[in-house]
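The values are calculated or read from the model by the stated rules, or taken from the named source; none is laboratory data. Nothing here was measured: the structure is a model prediction, and the numbers come from that model. All Cβ positions, glycine included, derive from the backbone under ideal geometry; neighbour counts span all protein chains shown. These accessible areas exclude ligands, DNA and RNA; they are computed on the full protein's heavy atoms, side chains included. Shrake-Rupley method; radii C 1.70, N 1.55, O 1.52, S 1.80 Å.
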Amino acid sequence: AQKVTQAQTEISVVEKEDVTLDCVYETRDTTYYLFWYKQPPSGELVFLIRRNSFDEQNEISGRYSWNFQKSTSSFNFTITASQVVDSAVYFCALSGPNYQLIWGAGTKLIIKP
Amino acid sequence: EAQVTQNPRYLITVTGKKLTVTCSQNMNHEYMSWYRQDPGLGLRQIYYSMNVEVTDKGDVPEGYKVSRKEKRNFPLILESPSPNQTSLYFCASSFGPHYGYTFGSGTRLTVV
């Protein structure tokens, strides 16, 4: 069965600290896609990144970086020099059967000034 | 601006009164989907559509209907709303199910 686990329910850090959000997934598919989404306090859902199973290169976008490791079935997300505006719930998701996404439960990130 | 437009943003209604939540996208996306988000239950898919006139059930389709008569529109219909359908609803679209979704702003529905 396919599954996405975000074990960290809530993380609280002080501004400018680096923080890593963990995502562990389970799938038997050889081809799959992984995603991260952000849901700020205003409530909208924002797509951050998609990674396919054949591309294990790390991705960096400004202060955001993603580390995909098939060997550990993980797709972790790091925010460097966190800012208050990074406060949000972050969801990891996995492409599943029947054209659906399997969503993690989300990690609530609180950045204190 | 590329976007998914959902209306209304907030809706309070009474049990049994039919309602429609509209969703429209201007990105020529083929794939559209409806989700509901509830505390402790996360995001659950209600229905999705791969293209015009093609719709299929997600995880929690009971009590909902959808239609996809045009590529840009994907309304969600609650024929007889009940209090357990009180939730935050999101419409999403993408070029396909394995692409990143663009979400609407959400509709907070309360059924009393």
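Taking the range A:1-32 as the range and being crowded, with 17+ Cβ neighbours inside 10 Å and modelled with pLDDT under 95 as the test, the residues that pass are A:Thr27, A:Tyr32. Does any residue of the range A:50-61 turn out to be among the hydrophobic types (A, V, I, L, M, F, W, C) and modelled with pLDDT under 95? Taking every residue of the range A:50-61 in turn, at least one turns out to be among the hydrophobic types (A, V, I, L, M, F, W, C) and modelled with pLDDT under 95.
Of the numbered criteria (1) under 18 Å from B:His98 (Cα atoms); (2) open to solvent by less than 40 Å² (accessible area, probe 1.4 Å); (3) among the aliphatic types (A, V, I, L, M), the one A:Val46 fails is (2). Selection over the range A:70-113 of residues that are in a helix (DSSP H, G or I) and open to solvent by less than 40 Å² (accessible area, probe 1.4 Å) gives a count of 1.
Going by what's in this entry, would B:Tyr10 be described as more than 22 Å from A:Leu101 (Cβ to Cβ), within 12 Å of chain A (Cβ to nearest Cβ), open to solvent by 10 Å² or more (accessible area, probe 1.4 Å) and aromatic (Phe, Trp, Tyr)? Taking the combined requirement at face value, the residue satisfies it.
Can you pull out the residues in the range B:96-112 that are more than 11 Å from every other protein chain (Cβ to nearest Cβ), outside any loop (DSSP other than H, G, I, E, B) and surrounded by fewer than 17 Cβ atoms within 10 Å (Cβ to Cβ)? Matches in the range B:96-112: B:Thr110 only.
How about the range B:13-43: which of its residues are open to solvent by 60 Å² or more (accessible area, probe 1.4 Å) and under 12 Å from the mean Cα position of the chain (by Cα)? It would help to see each step written out before you state the result.
So the first thing to find is which residues in the range B:13-43 are open to solvent by 60 Å² or more (accessible area, probe 1.4 Å), and the list is B:14-15, B:17-18, B:20, B:22, B:26, B:28, B:30, B:39-41.
The answer is B:Thr20, B:Thr22.
For A:Lys70, are the conditions met, namely being more than 9 Å from chain B (Cβ to nearest Cβ) and within 18 Å of B:Gly42 (Cβ to Cβ)? Criteria not met by A:Lys70. Note on the range B:60-79: among residues that are more than 14 Å from chain A (Cβ to nearest Cβ) and without any contact (Cβ under 8 Å) to a residue 24 or more places away in the chain, the one that is surrounded by the fewest Cβ atoms within 10 Å (Cβ to Cβ) is B:Glu62.
Tallying residues that are more than 8 Å from chain A (Cβ to nearest Cβ) and either small (Gly, Ala, Ser) or within 15 Å of A:Val46 (Cα to Cα) (or both) within the range B:80-95 yields 7.
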